[in-house]
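Here the structure is laid out as structure tokens; the discussion comes afterwards.
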Amino acid sequence: MTSTNSDPLDFINNNSGIQSGSQADLVQLLLYEIIRVKELITYYDSIPNGGGQLGSSILNELVSEAYNSLVNYDTVLMQKYYDLLLNCD
């Protein structure tokens, strides 16, 4: 079985895909941060003895709300959650 190294966020680097304005850019940036934070969640989940459970649950809630802002196309909330997710580490 061969593994391909395709980046799911390639549209950001190649400037292809949806690019009709600042709101489309915000959507792409928010999606990038959601994916990045989901990787952090797996890190927090891997901490032994439940040491990262609080951090994981907080980040899960932020990701869930960020998804809701995308589904509802609420640009004010999208910007809010983008800023929040951007500062997650």
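Below is a table of values for the structure above.
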quantity	calculated
First in the stretch 48-59 and within 14 Å of Leu85 (Cα to Cα) and in contact (Cβ under 8 Å) with a residue 24 or more places away in the chain, second anywhere and hydrophobic (A, V, I, L, M, F, W, C) and outside any helix (DSSP H, G or I), Cβ under 9 Å, 6 or more apart	Leu59/Cys88
Yes/no for Ile41 being modelled with pLDDT of 60 or more and either touching a helix residue (DSSP H, G or I) at 6+ places or on another chain (Cβ under 7 Å) or closer than 20 Å to Ala66 by Cα (or both)	yes
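The values are calculated or read from the model by the stated rules, or taken from the named source; none is laboratory data. The structure displayed is predicted, hence computed values, not measured ones. Quick reminder, even Gly has a Cβ in these numbers, built from the backbone with ideal geometry, and neighbours come from all protein chains shown.
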